[in-house]
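First comes the structure, then the notes that go with it.
Values quoted throughout were computed directly from the atomic coordinates according to the rules given, and no laboratory measurement underlies them. Quick caveat, the model's predicted, so the values are computed rather than measured. Please note: Cβ atoms are built from the backbone with ideal geometry, for glycine as well, and neighbour counts cover all protein chains shown.
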Ligand SMILES: [Zn+2]
Ligand SMILES: [Zn+2]
Ligand SMILES: [Zn+2]
C-alpha cells in the first residue's frame, strides 16, 4: 500500500516570501527543496488528510479523486484549501465537531450547499470508528487553538498514525502512544530544530516519539524553513525519513 506526502512544510511554506535563510534561498533555486503546506493522500481509500492552502497544486499533480477528507485541526495551513474540494460533488469529512464547524462554514461561504453532497462525520476523541476502514482520533497539545488531534487509520492489516501538529507533551500521553504502537507508518510533526511546549515537536522529541511508538517506518513532516537543511535532517533522524513534497512511501 502507498501513502503520499503531498506537502511537507508549515504555514509559511519554503521558500517563505522575503526570507533569505539558507533553506529558502536553496528552495528558490532548486524546486526539490520547496515545501508546500502539510497534506497527505492515501490512494487505497482515496483519503486526503488536511486540505492545505496548496491543495489545488496537490490535486493538479495527483490527478485522482478524493472521497474521504480527514482534518486534524482548523489552523489555516491544515484547512485553508477546503474550498478547492468543490470539484468533488460527494465527499465525506471527518474530524472533531469544532473542526468540522469551520469546514462547514468554509463550504457554505465558498462552495455552496445545494448541489454538493458533502457528509460530515464528527469524531469524538479516543474512540475507534468503523467506516469500512477504522479510524481513531486522539487529542494533541497544540495551543492556542482549542482542539487539535491526530489520526490512526487502519486499512485492512495496515495501520497509519498521523500526529498532525503536536507539542512534545504527546510523549506523556500513554493512551495515544499505546494506540499508535507498532504502526506500519508514523507521520509525525518535526517543525523546528527544538520543541516548542504545547505547540510543535523539535528534532529530538520527534525521534523520541518514533522510538516510543516503534513504527515499521516513520517520516517526519511539517518542517519549517528555520529547521536544519534537508540532508542534515536526514542524517540526524536515521533510520527514519524526512518528508519531501510528493514523496511516495510503501508500507
Ligand atoms: Zn501546521
Ligand atoms: Zn527562510
Ligand atoms: Zn497548527
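In percent, rounded to a whole number, the relative contact order of the range 181-251 is 34, using alpha-carbon pairs under 8 Å and six or more apart. For the range 117-224, the mean projected area of the C-alpha convex hull, equal to one quarter of the hull surface, is 7.3 nm². Apply the a/c threshold of 1.5 to the C-alpha gyration tensor of the range 2-250 and tell me whether it is rounded, prolate or oblate. Because a/c hits 1.5 or more and a/b fails to exceed b/c, the range 2-250 counts as oblate. Only Cα pairs under 8 Å and 6+ residues apart enter the sum, and on that basis the relative contact order of the chain stands at 19 percent.
Which of the peptides 68-81, 222-235 is most tightly packed, and how do the rest follow, going by the mean number of other Cβ atoms within 10 Å of each residue?
68-81, 222-235
Our estimate of slack between residue 231 and residue 120, defined as 0.36 nm per intervening residue step minus the Cα-Cα distance, is 35.9 nm.
Helical content alone sets the calculated 222 nm signal of the chain at -6000 deg cm²/dmol, taking -39,500 (n - 2.57) per DSSP H segment of four or more residues and averaging over every residue.
Take the Cα of residue 247, go 7 Å toward its beta carbon, and the backbone nitrogen atoms of the range 172-211 under 18 Å from that spot belong to 183-194, 201-211. Write down the percent of antiparallel bridges among all DSSP beta bridges whose residues are both part of the chain, to the nearest 5. The answer is about 50 percent antiparallel. Gain on full extension, evaluated as 0.36 nm per residue between residue 204 and residue 1 minus their Cα-Cα distance, stands at 70.2 nm. When peptides 131-142, 4-15, 108-119 are sorted by average Cβ neighbour count within 10 Å, with the highest value leading, the order is 4-15, 131-142, 108-119. Using C-alpha pairs below 8 Å separated by at least 6 residues, the relative contact order for the range 1-118 is 21 percent.
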